[in-house]
Amino acid sequence: MSQHTLQCGRYRLSVAPGRRPLVMGILNVTPDSFSDGGSYSALEFALSHAEQMIADGVDIIDIGGESTRPGIPPVPLDEELRRVMPVIYALRDCGKPLSIDTYKPEVMREALIAEVDMINDINGFRAPGAIDAVRDSAAGLCIMHMQGEPQTMQQQPSYGDVVAEVIAFLQERVGALEAAGVRHERICIDPGFGFGKSVGHNYDLLRNTRRLIDTLDLPLLAGMSRKSMIGAITGKPLDQRLAGSLGAALAAAAQGAMIIRVHDVAETVDALNVWQAGMAGDGVKTIYKNT
């Protein structure tokens, strides 16, 4: 991958090959998230959790105000803004890049006014007005692949060649953003594990992480934490998928993923630091340089 930095709003993040992947911590401020729904919906609890993630070594905080688990109806615009904007303003000066997990252009605009550093869009900036909302900012833009919509995406996901089709989608969306004037260094990609994919599709994509990175020449974000693809292999319920999630994170990192989106920040940072120490030629010295 030729791109060694990701322009992320107020920050330039190193995504150079050989560096420990960045850890993106999930901060859901929703009552119905699939994994931690309701735990951090009150502002004080959300801020406390963010402070803990910072202490645990998080690199990016991803704030979400709408659950995208299968079958959940969309959240009205005003309600999503009510949930996320106080958190963004409260954390704006926390010293870590802030990401907003949204597909609504209106939320993107308000978050950018509040100086959010990244827009993480499960819809790949396909909504009318989404590209217009972000193109003149300095924010990092994460393009994710999703087949269908959250309400129906897991009913019958179907592909001829899931890897080729995800690559083609991401190429088209990268082209649309760049045609609008978005610089290459602001863009990263996400294959969308669990978003309109069967267990087999998810692992096909995981095994081909390197192919996606090499083809698109962009940093890749991998988000598999606690998802059903982990439970399908381990047989463990949602609250017992930490070890499986760490395994998935390391598998993605080994193939070049440079952002790992997780619920369990401390454990993931530790796992990646040990993995990096074992893989890097300079051993533990590299850890101290990179963190």
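Counting just the residues of region 9-19 that are at pLDDT 95 or above and in a loop (DSSP other than H, G, I, E, B), which one comes out most open to solvent (accessible area, probe 1.4 Å)? Checking each candidate, the answer is 10. Determine whether residue 197 is touching a Pro at 6+ places or on another chain (Cβ under 6 Å), among the charged types (D, E, K, R) and outside any helix (DSSP H, G or I). Judged against the criteria, residue 197 is a match. When region 35-86 is limited to residues that are in contact with an Asp or Glu (Cβ under 9 Å, 6 or more places away or on another chain) and of a type in the set (S, T, N, Q), the one that is modelled with the highest pLDDT turns out to be 67. For residues that are open to solvent by 10 Å² or more (accessible area, probe 1.4 Å) and touching a residue at least 60 places away in the same chain (Cβ under 8 Å), scanning just region 212-222, find the one that is farthest from residue 163 (Cα to Cα). Out of the qualifying residues, it is 217. In region 168-203, the qualifying residues are those that are among the aliphatic types (A, V, I, L, M) and surrounded by 20 or more Cβ atoms within 10 Å (Cβ to Cβ), and the one that is farthest from residue 232 (Cα to Cα) is 182.
Residues of region 93-118 that are in a helix (DSSP H, G or I) and of a type in the set (A, V, I, L, M, F, W, C): 107, 108, 111, 112, 113. Determine whether residue 182 is touching a strand residue (DSSP E or B) at 6+ places or on another chain (Cβ under 7 Å) and among the β-branched types (Val, Ile, Thr). Yes; evaluated as a whole, the condition is true for this residue.
Filtering region 187-205 to residues that are touching a strand residue (DSSP E or B) at 6+ places or on another chain (Cβ under 8 Å) and under 16 Å from residue 259 (Cβ atoms) leaves 187, 188, 189, 190, 191, 192, 193. Screening the candidates 113, 122 for the property of being open to solvent by 30 Å² or more (accessible area, probe 1.4 Å), of a type in the set (A, V, I, L, M) and at pLDDT 95 or above yields one hit, 113. Evaluation of residue 229 against the conditions (1) open to solvent by 20 Å² or more (accessible area, probe 1.4 Å); (2) farther than 24 Å from residue 54 by Cβ; (3) part of a helix (DSSP H, G or I); (4) not hydroxyl-bearing (Ser, Thr, Tyr) shows that the sole unmet condition is (1). For region 211-240, the candidate set comprises residues that are of a type in the set (D, E, K, R) and over 17 Å from the mean Cα position of the chain (by Cα); within that set, the residue that is modelled with the lowest pLDDT is 239.
The values are calculated or read from the model by the stated rules, or taken from the named source; none is laboratory data. Every value quoted in this text rests on a predicted model; they were computed, and no experiment measured them. Counting neighbours? That spans all protein chains shown, and the Cβs are built from the backbone with ideal geometry, glycine included. Just so you know, the surface numbers come from the protein's heavy atoms only, side chains and all, with ligands and any DNA or RNA stripped out. Shrake-Rupley method; radii C 1.70, N 1.55, O 1.52, S 1.80 Å.
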